[in-house]
Amino acid sequence: MVDKQGFFSFTIKSKIRMILAWLFPLVLLASSQVLAEGVTASLNKSTVTENEIVQLTLRADFSDTGNGPDLTPLERDFEILGKSQNSQFSFNLNSTTALRFWSISLKPKSVGSFEIPSIKIGEHASNPINLVVKNAPQLLDHNGNPPVIVRADVSEVEPYLQQEVILSVKLYTSVDLMNANRSVPSHSDLVIERLIDDQMDFEVINGTQYQVITQEYLMFPQRSGLVTIPPQTIQAMINTSGGRRIIKVQSSPISLQVLPIPATFPNDFWLPSSQVSINTRLEQTSDQPRIGDTLIWTIDISAKGSLPEQIPAIEFNSTRRYKLYPKPAKFNTRKTTAGITGQQTLIVEVVPTEDGTLVLPDIEVSYWDTENRFLKTATAETNSMIIGPLPDTAKEKETEADIATSEPLPAQPSSVAPISLAKTTVKESPEQPSITVDLHEAQNTFSIRDYAILALLSVASALLLIWLLLLFKKKRQNALPSEPEVPTLQDFAPLSSHDEDSAYDALIECCQLDNLQELRLKLLEWARHRWGDEEIRSIEDIKRLTSVQVTQLLMEAELMMYSSNPTTEWQGTPLADALDEFTSGQAKPAQSEQLKTLYPNF
């Protein structure tokens, strides 16, 4: 009995073992299939410090991953610095396993406890992971110095409005920087530009040797009052004993107390500068300059600590002795470690209108001395030049005649009586009778009647002469065949325009285009429409019928047209304005040219 029960229990246990042996592989296969259909997320560290990089690894145990992981949920609390991907395949009996991995470099945006949310890959998602971010201790070397230092300094903490301020930003590094991102100075109330390229040097501070990279900027304040320059920062990655670490270092902010334009400054153009210098020279274009020749007047103005656009414009006024034709100014800048120097070059064409010594006015520029802080005026004197008269043939002939009459007469022959200015006395000859003529009495014998008869005879003689001339002309016309009529001015030089308005528009366009060659034809065309062919024969008739200003500008144009050394550029805008005033009868308002201010809102 006992044997039967033991045999029965043994049989039951054997069947249970057999069932378990069959179920275990099935359970393993089911569990492996469950794992193959999941996403696993892991971190290399669960606790990190501020600015430390953490690695997030995602593993997908299936092949259909679509576009990869969706990292959008991470962007709220982390900066995604990089992402890499790799795949692994394993081959077993009658099965193939594919694994895909993604490694994401993250940097926490702040300090605290964070939860990395579920990351979705295809139709599956990972589980959330917790991460703790602590405050980073200050990095110091064995001398107690930080590896990176940023310092900023300015050349002037109380500048005037639009005065040059040099900002110097120095970066001190004792370690290698990777992926460095250095800030650039900016401010809405400052005009900022680079002064020179980066300067590199080495300096030892408290036993630590630093590489020093200096960046210098030019700043021009645009409003008075307190202006604060924000801190200059740098963010980079460095190697530490605990691994790579991102650091962020910044300088201290700088405050500028910008001073307004002094009330004692008298001019409309504000020029703050440490020094202004002026150089002028007058050069001749021919060996013997005469009236109408073109002279070149060059003016160079330089201002330390100012842009060339800040230098005020120079006003040029022509006089009775010369005419001035300035060209547009040329700007140039020179930058050194000491700052910027603005240079403005002016070229003026001078046409003398009188002979003698030509003296041009002095050039003066007023500015505010930013070093001594008071008003100064820079002055330059231009060299004078002797101007000769125009060559005049008639005057030369008169001069030769005067010289000829002043020379002694040649010797006279003996048969010619000497010339005397004294009155000769008539001596009575005893052999000839004396004849005395009393002119006074003879003149008194004519009466009014005699004068009237003489006048009538003169008139009759004149009428008879005219009648004879007419008769002779008529007979000649009858005798000769008919000849064509003498062409009129309209036939000889027909007008190309339809009316006075079109001719005037063509004349104004010629002046505005500075076309000196076509000026004479356009003037005659317009004048013939306005006054007729009977009044207009030459430019002299136009001078006679127009205003004094138009006449003077026409004379200047003729001087430049017929001069032996004419100017290459004739400016016709003044003549166009003078013609407009003459035709309209209304004087145009004066236009004062002002320098385009560097910053028009101030």
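Worth pointing out:
- Excluding ligands, DNA and RNA, the accessible surface per residue across region 237-341 is 52 Å² with a 1.4 Å probe.
- Candidates per trypsin sites (Lys or Arg not before Pro) in region 100-176, loop by DSSP, up to 16 other Cβ within 10 Å: Lys109
- Quotient of the Cα radius of gyration of region 61-203 and 2.2 N^0.38 Å, N being its number of residues: 1.71.
- Highest to lowest packing among 286-294, 549-557, scored as the average C-beta count within 10 Å: 549-557, 286-294
- With a Förster radius of 45 Å applied to the beta-carbon distance between Ile453 and Glu535, the computed FRET efficiency rounds to 0.55.
- Peptides 521-530, 372-381 ranked from most to least packed, by the mean per-residue count of other Cβ atoms within 10 Å: 521-530, 372-381.
- Percent carbon-and-sulfur accessible area, region 76-221, ignoring ligands, DNA and RNA, probe 1.4 Å: 45
- Percent accessible area from carbon and sulfur atoms, region 517-579, protein chains only, probe 1.4 Å: 50
- Listed residue (Thr280, Ile229, Gly242) projecting farthest to the positive dipole end of region 225-333, Cβ model: Gly242
- Region 222-296 - percent of accessible surface contributed by carbon and sulfur, probe 1.4 Å: 46
- Between Ile213 and Val191, the C-beta separation translates, for a Förster distance of 25 Å, into a calculated FRET efficiency of about 0.55.
- Calculated FRET value between Ser103 and Asp64, using beta carbons and R₀ = 25 Å, to 0.05: 0.75
- Charged side chains reduced to their Cβ positions (Lys and Arg at +1, Asp and Glu at -1) give region 174-298 a dipole of some 580 debye around its Cα centre.
- Shape index of region 254-376: Rg/Rh, with Rg the Cα radius of gyration and Rh the Kirkwood radius from the inverse mean 1/r over Cα pairs, equals 1.08.
- Distance between the modelled labels on Thr57 and Ala263, one decimal in nanometres: 7.7 nm (7 Å Cα→Cβ projection).
- Working from label points 7 Å from Cα in the Cα-to-Cβ sense, the Gln549 to Asp501 distance is 2.4 nm.
The values are calculated or read from the model by the stated rules, or taken from the named source; none is laboratory data. Keep in mind it's a predicted model, so treat the numbers as computed, not measured. Cβ coordinates were reconstructed from backbone atoms using ideal geometry, including for glycine residues, and neighbour counts include every protein chain displayed. Calculation scope for accessible area: heavy atoms of the full protein, side chains included, ligands and nucleic acids excluded. Shrake-Rupley method; radii C 1.70, N 1.55, O 1.52, S 1.80 Å.
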